Amino acid sequence: MITFEDFTSFPAGFEIPFEGQVTTCPRCGRNGIAEDPSCGEPYFLHSQSSEVRSDGMLTEPIDCCAPPEN
């Protein structure tokens with residue numbers, strides 16, 4: 001089963017279970033969720049797909065922004 005989640009349709013401040021709080025992206029201004037993975041660079045997630053497989057769940061970002069450079 002494959003699901004598509006679009007976080008841009010949620011209002012800022014909305015809490016999504018297992019994902020986090022929706023905020024406004026500092027780079028593009030659309031809503032999404034700030035991600036800071038333990039292995040890899042942080043990014044701002046706008047949409048993702050999830051697929052339940054026999055060996056677990058595969059979650060892939062579809063639309064995301066890199067954080068703005070300081």
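Coordinate-derived values only; no laboratory data. Keep in mind that what you see is a predicted model, and the values were worked out from it rather than measured. For neighbour counting, all protein chains shown are included, and Cβ atoms are generated from backbone atoms with ideal geometry for every residue, glycine included.
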Query raised in the report: In this structure, does PHE4 turn out to be farther than 15 Å from PRO68 by Cβ, out of contact with any helix residue (DSSP H, G or I) (no Cβ under 8 Å at 6 or more places or on another chain) and not in a strand (DSSP E or B)?
Result: no
Query raised in the report: Cβ-Cβ below 6 Å, separation at least six or inter-chain, first residue in the range 48-65 and on the phi < 0 side of the Ramachandran plot and in contact (Cβ under 8 Å) with a residue 40 or more places away in the chain, second surrounded by 13 or more Cβ atoms within 10 Å (Cβ to Cβ) and of a type in the set (Phe, Trp, Tyr): which pairs?
Result: CYS65/PHE44
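When the range 35-59 is examined, which residues are found to be in contact with a Phe, Trp or Tyr (Cβ under 9 Å, 6 or more places away or on another chain) and either among the aromatic types (Phe, Trp, Tyr) or closer than 24 Å to ILE2 by Cβ (or both)? Lay out the reasoning, then the answer.
First, pick out the residues of the range 35-59 that are in contact with a Phe, Trp or Tyr (Cβ under 9 Å, 6 or more places away or on another chain): 35-37, 45-50.
If the condition is that a residue be in contact with a Phe, Trp or Tyr (Cβ under 9 Å, 6 or more places away or on another chain) and either among the aromatic types (Phe, Trp, Tyr) or closer than 24 Å to ILE2 by Cβ (or both), then GLU35, PRO37, LEU45, HIS46, SER47, GLN48, SER49, SER50 are the ones that fit.
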Report summary line: Wholly inside the range 11-70, strands (runs of 3 or more DSSP E) that include 2 or more residues that are surrounded by 14 or more Cβ atoms within 10 Å (Cβ to Cβ) and aromatic (Phe, Trp, Tyr) are 43-53
